[in-house]
Every structure is written in C-alpha cells, then in structure tokens.
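Trainee: I have a structure I would like to understand better, so I am pasting it below and will then ask my questions one at a time.
Read-outs throughout are calculated quantities, based only on the coordinates presented, and are distinct from any laboratory measurement. Fair warning: this is a prediction, and the values are worked out from it, not measured in the lab. Cβ placement follows ideal geometry from the backbone for every residue including glycine, while neighbour counts extend to all protein chains displayed.
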Amino acid sequence: MAREIDALHYSVILVTLAGAALVALSAAYFIVKYRSSRASAPEGADGERARATRSIPFRYELLALGLLFALFVGFWVVGFRQFVRLQVPPSDSLVIYVTAKQWMWTFVYPNGAASNGVLYVPMNRPVKLVMSSRDVIHSFFVPAFRAKKDVIPGQVTTVWFDARMVGEYPVFCAEYCGDGHSTMRAEVSVLSPSDYARALEQLPALRLSGPEYAEPALGTEAPRETTSLARVGERVAVMRGCMRCHTADGAPHIGPTWAGLFGSVVPLEGGGSVVVDEAYITESMMDPEVKLRAGFPPLMPAYQGLLGAAETGALIEYIRALRSAPTATRTSPLARKTNAALSLPSVSERALEAQSGGEQR
Ligand code: CUA
C-alpha cells in the first residue's frame, strides 16, 4: 500500500503547492498592475479596480468554489478508501501475535514459535499483526510499509501489510514509552515462503511464564512435536481454569461455549450485539462485564494482570481454531478430559467466589 499512500500524499502536496503558487503569482501581478502611483491619476486606478471587481460574474465565484469543493471531496474519497483498506485485513491473512514491553518486541507465530526483535514474514502474503502491550502504550511502526498502530495494554489492536520484496525493514516504537523508547527497535525480515518455513523451524517455541508452564515439551532443546499456538492456547485454557466454565465442544455450561464462537455475532446484555474478534475476546478476558453476553450471568473474574500478552494471544488462537468446530460433535480431548474431571462442587464454589467478588464490586 506504500505506493498508493505516497501517490495520494504527493498529489495533495503538489496540488496545494500549485494552488499556493497561483495565489502568489496573481498577488504579484495585481501588486504591479494596480500599484498606487502619484504620477498616474490615482482616482483613475481606483475606478479601474472598482470596475474589475464588479465585472467578475457571481457564477465564476460559484464555479471556483465548486471546483475547490470537488477537489476536497476527491481527496477525501481516495483517502477514505485507502483508510478502509488499511483497517480491514484480508480474511486469509497470516496471523502473528505481537507483544510489546519496555523495551522490546516479541513475535509469536501460528506454529507456536516465538522470536524477539526480528519478525519473520513470508513474501507476497497478507500478514495481520494482533498486538498487545505488557506495560505502557507503545506504537508499532514500519516506515517502509507505511504501517503504524498503537499497542495498548489490556487491549488488542491490529495492523496488516503485504510485503512484496525480500529484505530487512526496520521497526520503530513510535510512542514515547520511557527511557529506552529510542532503543525499542526491531526488524521485519521478509523471506521467500521456503525460507520463512525454515526460519520458523529454527525458532524456539513460545515459553510461557510461571513455574506451572515449565514443561519440557515446550523447551528450546527438546524436538518440537507438531505444536501450534492453538495447542499452547488449549493448555493455557486448562491451566488457567477457563474450562471450568467454558467448553470447547459446544456443550452448554456456565459460560458461552468456544465452539464456533470466533467470528460470530453475539447479543449483549442490555441490547446490542458484537462481532467476536480478537479485540472483543481480549476485552472479555480482561474486563468481562463491559460487554456481557446476553443470557449469561456476570460470574467471570477479570484476568487483567493475570494473563500475559502471549497467553492471551495463544487463547485467542485456540478460540479461533474452534471457530469451525461443529457444536457438540467434535470434541477437544483435553477439554473433554477437564470437563469430566471437573466435580460439580468445585464449579459452584468457583461461581460463588466470582459472584461474591462481583457483588462486592
Ligand atoms: Cu515503546 Cu516507545
């Protein structure tokens, strides 16, 4: 999109430059032509000016205004179409999760691999970045792609691009975020599809923080089985207790099922509806009662500060993977096991706990 953005940018600059030059030249012409001179008859010059003003018909003024307005609308239409294109990633985009923190960038890929400081992407493939911050507001900026978006803690923002040339492109943080702001850099490494696949193979798998996640299967040294970020998310869901209330197979439970949830439109308590996307899922994890799904009690605890950005990304990827899960026919073995192991008292305990927390608030 860089070419189109540049084309609009420079055409706006050139048109305004031409307009300014026209005004300046006319001004210079009138200054010379109607200059006040004691040698020539002053009243005569005044009379001439008065005649000149009167002789411009009103329709020409209308025409000039109309042309200027058309120019404005033209710029707006071109700019708005580009804006929409920038905002809406193609549905077949490769999704990569970006975590910003003071002062580094971490990237998590669909296969569960992670990298720091270098974002590997395949050439000629739309890439959608789903971004969140662990601490303060940062901004992800790749000047060469004209791609820039704020990265906000507790929220998800997205930006997308389609890199056309193999190479390395610098990434900057474009929002002042503390002492190390100017050193908060990274690099987009655009690779051919085969090089991209190779690069991902060599990357270490995502390491989740906390002792409970230190499993050898995810370690750097152990050969990675066919893992994926969705699988990591499945484990996060189990370990964080999500499956006490949610199901992955469409079975009704305390909270909404995750089967077929992603991308659907759900009604909200108090009217309205919302599309279940990365942003809504993240918001619902961090502050569940902001947009409560209709028909479900406000029992879910807020996970703000409890879930890392990488875990959040993994959970989103898991819920996304369940988007086409036929409700109540396909079952996730892990989720099924958890639900089976779940004894009813612990559910109600949990619910009561959350409820009392909610009432206190
Ligand atoms: Cu991060 Cu500036």
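Trainee: Amide H of Ala147 versus every other amide H placed in the peptide plane: which residues, excluding those fewer than 5 positions away on the same chain, fall under 5 Å?
Mentor: Val142
Trainee: Going Cα to Cα from Lys101, which lysines come in below 16 Å? Please leave out same-chain ones fewer than 8 positions away.
Mentor: Output for Lys101: Lys149.
Trainee: Could you pull out every residue, at least 5 positions away or on a different chain, whose amide H is within less than 5 Å of the one on Gly112? Hs are placed 1.01 Å off N in the peptide plane, and Pro or chain starts have none.
Mentor: Those qualifying (amide H under 5 Å, at least 5 residues apart or on another chain) are Leu229.
Trainee: Using θ = phi - 60° and the Karplus relation 6.51 cos²θ - 1.76 cosθ + 1.60, list the HN-Hα couplings for the range 305-317 in order, rounded to whole Hz, with x at every Gly or Pro.
Mentor: Each residue's phi maps through the Karplus curve to give x, 9, 9, x, 5, 5, 5, 4, x, 5, 5, 4, 5 Hz.
Trainee: Can you list the HN-Hα couplings for the range 159-166, worked out from phi with the Karplus curve (6.51, -1.76, 1.60; θ = phi - 60°), rounded to whole Hz and with x for Gly and Pro?
Mentor: Karplus values, whole Hz, x for Gly and Pro: 9, 9, 7, 9, 6, 9, 10, 4.
Trainee: Moving on. Packing-wise, with mean Cβ within 10 Å as the measure, how do 304-311, 262-269 rank, highest first?
Mentor: Details: 304-311: 18.0, 262-269: 13.9.
Ranking, from highest mean packing down: 304-311, 262-269.
Trainee: Nearest 5 is fine: what % of DSSP beta bridges in the range 74-137 come out antiparallel, could you say?
Mentor: 55 percent
Trainee: Name the residues whose placed amide hydrogens come within less than 5 Å of the amide hydrogen of Leu94, ignoring near sequence neighbours (fewer than 5 apart) on the same chain.
Mentor: Under 5 Å from the amide H of Leu94 lie the amide H atoms of Val127, Lys128, each far enough along the sequence or on another chain.
Trainee: Relative contact order of the range 87-177, please, whole-number percent, based on alpha carbon pairs below 8 angstrom and at least 6 residues apart.
Mentor: Values: 196 pairs, mean separation 25.6, N = 91.
About 28 percent, as a whole number.
Trainee: Residue separation times 0.36 nm, minus the C-alpha to C-alpha distance between Phe75 and Lys291: what's the value?
Mentor: Contour length minus Cα-Cα distance gives 74.1 nm.
Trainee: Still on this structure, I have one more. Using the Cα gyration tensor of the range 79-119, with a ≥ b ≥ c the square roots of its eigenvalues, what is the shape: rounded (a/c below 1.5), prolate (a/b larger than b/c) or oblate (neither)?
Mentor: Oblate, because a/c is 1.5 or more while a/b does not exceed b/c.
Trainee: Given the Cα-Cα distance of Glu269 and Leu25 and 0.36 nm per residue of separation, how much length would full extension add, in nm?
Mentor: Using 0.36 nm per residue and subtracting the Cα-Cα distance, I get 81.5 nm.
Trainee: Next question, about the same structure. What distance in nm separates the simple spin-label points at Asn116 and Arg185, each placed 7 Å from Cα in the Cβ direction?
Mentor: Result for the modelled spin labels: 1.8 nm.
Trainee: Which of the trypsin sites (Lys or Arg not before Pro) found in the range 1-38 are in a DSSP loop and have at most 11 neighbouring Cβ atoms, other than their own, within 10 Å? Numbers along the way, then the final one.
Mentor: Working: sites: Arg3, Lys33, Arg35, Arg38; in loops: Arg35, Arg38.
Taking the range 1-38 and a limit of 11 other Cβ atoms within 10 Å, the loop trypsin sites (Lys or Arg not before Pro) found are Arg35, Arg38.
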